[in-house]
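The values are calculated or read from the model by the stated rules, or taken from the named source; none is laboratory data. These numbers were taken from a predicted model, which means no experiment stands behind them. As a convention, Cβ positions derive from the backbone with ideal geometry for all residues, glycine included, and neighbour counts pool all protein chains shown.
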Amino acid sequence: MKDQYIMQVRKMLSVSQKKKHEIIRDLEEIFASAREHEESDQEVIDRLGSPQDYVESIQAQLEIRPRSIKKNLLPVYIASFIGILFLVIFAISFIVRTKTKGIIGQAVSTTSIVLNTSLYSWLPIMLLALGIMIMIAVLIRIIKTTKKRV
């Protein structure tokens, strides 16, 4: 029971490893001292409250505030912007490519001459793939961030 309580507290603490070690050591001392005074582990747990309550009280004593979501998600916002930018460039290049097919210079009518370069023909596909990969990376980051906060 005591070990499970301490393990839950350890998981919930969002402090440095050194500070976490000190807090856990202090918590173990609380349980040891209570045993010396003939207090059961359950009585100690009842006195300390739930692991969540204990962690919140410790963090309040240390004046530790949970990390801001905005700070954690700044890279996600930047990557989202870049991903959307690539998707917009893809859309524009695709539209330009399809509208200008068979047109050369200032010709009044269309011609059957088609300019084919390997980079230009693959550019929209590369931009689309890059945009999709960035958006997938953003989604993975959002999922990881929300799992850490829960």
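Here is a yes/no grid of residues against (1) modelled with pLDDT under 65; (2) surrounded by 13 or more Cβ atoms within 10 Å (Cβ to Cβ); (3) closer than 25 Å to Thr146 by Cα:
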site: Ala34; (1), (2), (3): no, yes, no
site: Glu39; (1), (2), (3): no, yes, no
site: Phe81; (1), (2), (3): no, no, yes
site: Ala91; (1), (2), (3): no, yes, no
site: Gly105; (1), (2), (3): yes, no, no
site: Thr117; (1), (2), (3): yes, no, no
site: Ile125; (1), (2), (3): no, no, no
site: Ala129; (1), (2), (3): no, yes, no
Inset, instruction - Could you tell me which residue of segment 41-62 is surrounded by the most Cβ atoms within 10 Å (Cβ to Cβ), considering only residues that are touching a residue at least 24 places away in the same chain (Cβ under 8 Å) and either charged (D, E, K, R) or over 20 Å from Ile23 (Cβ atoms) (or both)? - result: Asp41
Legend entry - Flag if Ile24 is free of Cβ contacts under 8 Å to residues at least 24 places away in the same chain, of a type in the set (A, V, I, L, M), surrounded by 13 or more Cβ atoms within 10 Å (Cβ to Cβ) and part of a helix (DSSP H, G or I): yes
Legend entry - Odd one out for Leu73, checked against (1) part of a helix (DSSP H, G or I); (2) modelled with pLDDT under 70; (3) exposed (fewer than 13 other Cβ atoms within 10 Å of the Cβ): (3)
